[in-house]
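A quick write-up on the structure given underneath.
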């Protein structure tokens with residue numbers, strides 16, 4: 001087994017590295033990385049339904065889609081992430097216990113009463129500190145999980161909890177759980193870097209052929225290419241969302257507007273607007289401009305800025321109409 005400590009805190013890089021390692025390496029791998037503030041979205045989730053877009057934007061929080069299923073999770077520099085990437089044969093049933101047992105043992109060895117509960121969670125005193133997911137590619141599996149060590153839990157809640165349930169679709173929604181930090185249960189004071197070193201030591205102590213591996217220049221170039229082409233793009237992180245319907249209402253002294261959008265892969269396929277507002281131009285002239293456009297903030301803003309909004313919605317400002325779309 002080779003052990004890799006990521007040199008980067010950039011979330012698209014670290015998620016891209018998992019795809020690179022599962023596809024391009026034949027070795028068993030134990031990967032650890034720490035991300036700057038980000039929300040990691042499951043492969044089957046609707047990104048816009050999982051996060052508070054305005055809050056994420058205002059606080060420079062990244063949003064990145066991973067390859068595995070499950071719910072959305074929050075990462076910051078107080079959160080240690082681990083990945084086991086191994087070869088498999090025969091049954092491809094995902095065994096979460098198998099890959100989390102080394103982590104549980106490591107924590108129990110320093111007096112933390114960690115347990116495996118539910119379908120894929122690790123808990124202390126009934127509170128979740130780790131969510132886990134897996135992705136299979138041919139004869140390789142990537143099992144990864146979070147370890148809430150000293151995470152800003154207030155940011156976690158503010159970033160992940162949507163303002164309103166405005167979406168309908170087949171996307172998998174996150175399940176909110178009571179969460180806790182590992183550091184609160186430690187008898188000794190660890191930094192996250194010291195904790196990472198401890199986890200590495202404990203996990204590999206019974207593996208005779210475990211060796212440390214550092215990314216080569218070629219590895220870094222290939223991973224960064226994946227970042228540029230996939231993991232740091234709107235098309236992957238937002239546009240890859242399943243089909244969904246979105247609706248939102250706005251009421252001001254100028255009247256009430258109801259907006260309904262249907263999308264497919266992040267592209268608007270149908271849009272309807274209802275309400276008691278006034279306008280001198282037909283609203284269908286407004287809505288048809290958005291068909292086949294990305295349900296993306298910059299795209300929508302550009303369209304709205306180029307239209308005579310008051311002709312369609314008398315008494316409404318551009319930013320008010322923009323607010324209906326997200």
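The values are calculated or read from the model by the stated rules, or taken from the named source; none is laboratory data. Treat the numbers as computed from the prediction; the structure is a model and nothing was measured. Cβ atoms come from the backbone with ideal geometry, glycine included; neighbour counts cover every protein chain shown.
Miscellaneous remarks
- Within the range 266-284, the set of residues being within 38 Å of the chain's Cα centre (by Cα), at negative phi and in contact (Cβ under 8 Å) with a residue 24 or more places away in the chain comprises 267, 268, 277, 283.
- Of all residues in the range 174-195, exactly one satisfies the criterion of being at pLDDT below 80, surrounded by fewer than 17 Cβ atoms within 10 Å (Cβ to Cβ) and either in contact with a strand residue (DSSP E or B) (Cβ under 9 Å, 6 or more places away or on another chain) or farther than 22 Å from residue 118 by Cα (or both), namely 177.
- Single residue of 99, 74 found to be within 24 Å of residue 236 (Cβ to Cβ) and touching a residue at least 24 places away in the same chain (Cβ under 8 Å): 74
- Qualifying residue in the range 48-61 (condition: within 21 Å of residue 137 (Cβ to Cβ) and buried (at least 21 other Cβ atoms within 10 Å of the Cβ)): no
- Scan of the range 216-228 for residues that are free of Cβ contacts under 8 Å to residues at least 24 places away in the same chain and in a helix (DSSP H, G or I), ordered by number: 217, 218, 220, 221, 225, 228
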